[in-house]
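**Student:** This is the structure I have questions about; it appears just below.
No value in this document is a laboratory result; all are computed from the given coordinates. This one's a predicted model, so the numbers in the text were calculated from it and none came from an experiment.
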């Protein structure tokens with residue numbers, strides 16, 4: 001990874017597809033950028049590119065946002081937090 005082309009992978013967490021992108025060097029503690037309601041990881045595109053010049057960067061499209069498919073029902077904030085926690089555990 002050179003920071004210019006993020007590595008995009010689809011993870012399956014609790015039966016939900018979640019798209020995760022990594023950019024930057026392959027080692028080191030990553031910056032993890034998580035979007036709010038109504039946007040997606042694309043919101044961080046420029047920031048992620050700058051950070052990835054020197055550090056690993058991970059961006060996540062939560063279920064129903066960006067390139068991650070919409071879940072079969074609306075998820076609660078605790079459920080979204082659980083999805084994010086699983087993503088973080090997966091990138092260690």
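**Student:** Fully extended, how many nm does the chain gain between residue 14 and residue 88 (0.36 nm per residue separation, minus their Cα-Cα distance)? Don't skip to the end; give the middle numbers.
**Tutor:** Numbers: separation 74, 0.36 × 74 = 26.64 nm, distance 1.40 nm.
Difference between extended and current length: 25.2 nm.
**Student:** Three principal axis extents, largest first, for the C-alpha atoms of the chain, in Å?
**Tutor:** Largest first, the chain extends 38, 24, 18 Å along its Cα principal axes.
**Student:** Roughly what % of DSSP beta bridges within region 7-91 run antiparallel, to the nearest 5?
**Tutor:** 75 percent
**Student:** Taking 8 Å as the Cα distance limit and 6 or more residues as the minimum spacing, I'd like the relative contact order of the chain as a percentage.
**Tutor:** Reported as a whole number, the value is 30 percent.
**Student:** Per 0.36 nm of contour for each residue apart, how much would the distance between residue 55 and residue 74 grow if the chain were fully extended, relative to their Cα-Cα spacing?
**Tutor:** 3.4 nm
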